[in-house]
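Colleague: Attaching a single structure in structure tokens format; questions to follow.
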Amino acid sequence: MLALKNVMTHYGSIRVLRNMNMTAGKGEITCLLGSNGAGKTTTIKTIIGLVKPSEGEVLFEGQRIDNLNTPQIVQKGIAIVPEGRRVFPKLSVEDNLLIGACMIDDKKRIEKNLLKSYELFPRLGERKTQVAGTLSGGEQQMLAMCRALMSEPKLLLMDEPSLGLAPILIKEIFDTIVRINKEDGTTILLIEQNAHKAIAIADRVYVLQKGEIVMESHGEDTLSKERIENAYLHKTVDKAV
Amino acid sequence: MDFSVVIQQLINALTLGSMYSLVAVGFTLFFGVIDLINFAHGEIYMLGAFVGLITVGFFAGTGMLASHFILVLFIVLIVAMVVSGLAGAIIERAIIRPMRGASDLMMLLLTLGVSIIIREGVMIFYPNGANPQAFPDLFPGGSVNLMGIVLKYEQMFVIGFALLMVLLLHVLVNKTKYGRYMLAISQDREAAMMMGIDINKIITFTFIVGSALGAAGGVMNGMYYNIIKFNMGFLIGIKGFSAAVVGGLGNIYGAIVGGFLLGFLEMFAAAFIPGGSQYQDVIGFAIVILFLVFKPSGIFNEKVYEKV
Ligand SMILES: Nc1ncnc2c1ncn2[C@@H]1O[C@H](COP(=O)(O)OP(=O)(O)OP(=O)(O)O)[C@@H](O)[C@H]1O
Ligand SMILES: [Mg+2]
């Protein structure tokens, strides 16, 4: 569904991604791990067209999208839950959701998607007129997720959706990710610091280090999943000590 | 103090405030969507007045000025707003957009440059443009006299039209998707892009709206004072900017309130402080300086701008 081929991305003269090859299979959950500053967010920004790769190709459903602008890419069916949620703080919950649906003209479909959001997270329904800036962190994360889903994406990019949340909420978010994936068949590219949980639900796992993929595993290859988990957790432990 | 004098001044202040508000709204809209302080905006007001004058000229010989003056008035306003709205769009598209991302100082100089071009352009190319131009009286002279308070038709029209524009703007911003996108862009431009909003389109649209409102103010100025001049945009630009700062740059309602507040302060200074009319124009600047020093977020606590 999504493929990055030899992608290289720069900020000015600083190279952030190098020779990046990655695939997210249709209907799968792909997980991208990496420590702070590895280039995970940059990968997502490259996919969504906020930064342009200086080399390589980004393919979506077999077509190149790296030469399109962001609205065109979103139009193709890619939506994003950005790092840090980025809800519009002075707009109401419902207005935030409506902005997520800016690609859809059909009022009935928008209405249906709104109801679906409120069904997914009833708390949002209870607060639909509240301005998003006064929601709790967890509620904002729910809103950011539903806002992305409003466009009925084929591919959902999620940048650290569990960051800063209490364990019970993290579980709710992960359950929802699985649900979106299983029930709607939405392909998911998930960036996480929470490696253990992410690996548990992932079909593919990539580990990014200093802008390069250093490890990957796919499918039922549980052994390599374990290896990644060990290596990754080990490394994180190393850093913490 | 005579009560009816106060009311009279209040009405005069509302008239003045209406014009300021129409200009201030543009400043706040532009700042909201692209953090730009557009010093060419005052010239759009002047341009609106001149386009209005030219449009009035078309009706001069027809007798319609006398028989259908309300219709003429609306046509003049609409033509001025459309032409100036397009001028605003062209400025945004051709000059401001290519420079997006440049430093704030650069952008400031750029809009100042544009303002000089427009101002001098009108002076040079409008026939006898260096001199004041008479703007015909569109209203058959007249007024309503309510218990000693004189309400001129012009004033009723200026205030009424400004309120109508405020209402339409309110509906646009809060009830339509374009308004929602404008708000989203002003709160988090990158997030708005990530959602797939075509921000360039919305930014151009914002310039059309802001410029059209400013031009309406210019036409009001012409029909109220019956005289316009190529350099009228300079002072109004600074006053509109002041009003927007007082209300909190980026806050639409703040700009409207700021515009009326400035109108009131100026009118009352002129009316009730001995010799105050000489200082009328200074008041705006004094207030804006006070706000910048003590409350840069304005009365409505808009995002404090660390920009200029
Ligand atoms: N706009 C930018 N300009 C210059 N450098 C940037 C920019 N954005 C990110 N970088 C740099 O690129 C590198 C990768 O950043 P990125 O945000 O992709 O990391 P990340 O893997 O998402 O990290 P984190 O887990 O902390 O979110 C970092 O060294 C960062 O400083
Ligand atoms: Mg990141």
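A short reminder: the numbers here are calculations on the coordinates, not readings from a lab. Computed from a prediction, not measured in an experiment: that's the story for all the values here. Methodologically, a virtual Cβ is constructed for each residue, glycine included, from the backbone with ideal geometry; neighbour enumeration extends over all protein chains shown.
Colleague: Among B:F260, B:F27, B:F285, which one moves the most in a GNM of chain B with springs linking Cα atoms closer than 10 Å?
Modeller: Looking only at B:F260, B:F27, B:F285, the biggest GNM fluctuation is shown by B:F285.
Colleague: Number of Lys-Lys pairs in chain B under 22 Å by Cα, sequence gap 8 or more or different chains?
Modeller: Counting lysine pairs in chain B gives 8.
Colleague: Over 27 Å between Cα atoms: which of A:K26/A:K52; A:K26/A:K128; A:K108/A:K154 fall into that group?
Modeller: With Cα atoms farther than 27 Å apart: A:K26/A:K128.
Colleague: Highest GNM mean-square fluctuation, chain B, Cα pairs closer than 10 Å: which of B:G48, B:G248, B:G275?
Modeller: Highest fluctuation of the listed residues: B:G275.
Colleague: To continue, here is another question. Among B:G237, B:G276, B:G148, whose mean-square fluctuation peaks in a Gaussian network model of chain B (Cα, cutoff 10 Å)?
Modeller: B:G148
Colleague: Which lysines does A:K171 reach when only Cα atoms under 18 Å apart count, and residues fewer than 8 places away in its own chain are ignored?
Modeller: Qualifying lysines at Cα under 18 Å: A:K182, A:K197.
Colleague: Classify segment B:1-119 as rounded, prolate or oblate, taking a ≥ b ≥ c as the square roots of the eigenvalues of its Cα gyration tensor: rounded when a/c is under 1.5, otherwise prolate if a/b is larger than b/c and oblate if not.
Modeller: In terms of gyration-tensor shape, oblate.
Colleague: Over the alpha-carbon set of segment B:83-168, divide Rg by the Kirkwood Rh and report the Rg/Rh ratio to two decimals.
Modeller: Result: Rg/Rh = 1.15.
Colleague: Does segment A:1-111 come out rounded, prolate or oblate by the C-alpha gyration tensor, with a ≥ b ≥ c the root eigenvalues, rounded set by a/c under 1.5 and, if not, prolate when a/b is larger than b/c and oblate if not?
Modeller: Taking the square roots of the gyration eigenvalues as a ≥ b ≥ c, segment A:1-111 is prolate.
Colleague: Another question about this same structure. With all pairs of different alpha carbon atoms counted, what Kirkwood hydrodynamic radius in Å does chain A show?
Modeller: Its Kirkwood hydrodynamic radius stands at 18.2 Å.
Colleague: Taking Cα pairs under 8 Å and at least six residues apart, what relative contact order does segment B:155-308 come out at, in percent?
Modeller: Computed value for segment B:155-308: 17 percent relative contact order.
Colleague: Averaged over B:174-186, how many beta carbons belonging to a partner chain fall within 10 Å of each residue's beta carbon? List each step's numbers first, then the result.
Modeller: On the way: counts 1, 0, 0, 6, 0, 1, 8, 3, 0, 5, 8, 1, 2.
Average neighbour count from other chains, rounded to a whole number: 3.
Colleague: Moving on to the next point. Can you sort A:D95, B:D35 from fewest to most other Cβ atoms within 10 Å of each residue's own Cβ? Don't skip to the answer; put the middle values down first.
Modeller: Working: A:D95 21, B:D35 17.
With the sparsest Cβ surroundings first, the list reads B:D35, A:D95.
Colleague: Under the definition of partner shielding as Cβ atoms of other protein chains within 10 Å of a residue Cβ, what is the mean value for peptide A:146-159?
Modeller: Mean shielding by partner chains, rounded to a whole number: 1.
Colleague: List, largest first, the extents of the alpha carbons of segment B:169-290 along their principal axes, each in whole Å.
Modeller: Largest to smallest, the principal-axis extents are 57, 32, 23 Å.
Colleague: A further question follows. By its C-alpha gyration tensor, with a ≥ b ≥ c as the square roots of the eigenvalues, how is segment B:204-245 shaped: rounded for a/c under 1.5, else prolate for a/b larger than b/c, else oblate? It would help to have the intermediate numbers written out before the result.
Modeller: Values: a/c = 2.18, a/b = 1.36, b/c = 1.60.
It is oblate, given that a/c is not under 1.5 and a/b is not larger than b/c.
Colleague: Round to the nearest 10 and give me the degree value, 0 to 90, for the angle of helix B:232-247's Cα axis relative to the longest principal axis of chain B.
Modeller: Once rounded, the angle reads 60 degrees.
Colleague: Give me the Å³ per residue figure for the convex hull around the C-alpha atoms of segment B:3-306.
Modeller: Cα-based convex hull of segment B:3-306, divided per residue, equals 139 Å³.
Colleague: Taking each residue of A:67-73 in turn, how many C-beta atoms of other protein chains fall within 10 Å of its C-beta, and what is the average?
Modeller: Shielding by partners across A:67-73 averages 4.
Colleague: Let me ask you something else. Between B:I116 and A:S54, what is the label-point separation in nm under the 7 Å Cα-to-beta-carbon projection?
Modeller: Calculated label separation equals 3.8 nm.
Colleague: Sticking with this structure for a sec: Could you tell me the center-to-center distance, by alpha carbons, between segment B:1-54 and segment A:127-158 in angstrom?
Modeller: When both Cα centres are located, 39 Å separates them.
Colleague: Continuing with the same structure: Compute and list, largest first, the equivalent-ellipsoid semi-axes of the protein assembly as shown from the alpha carbon gyration tensor, each √(5λ) rounded to a whole angstrom.
Modeller: Its equivalent ellipsoid spans semi-axes of 55, 23, 21 Å.
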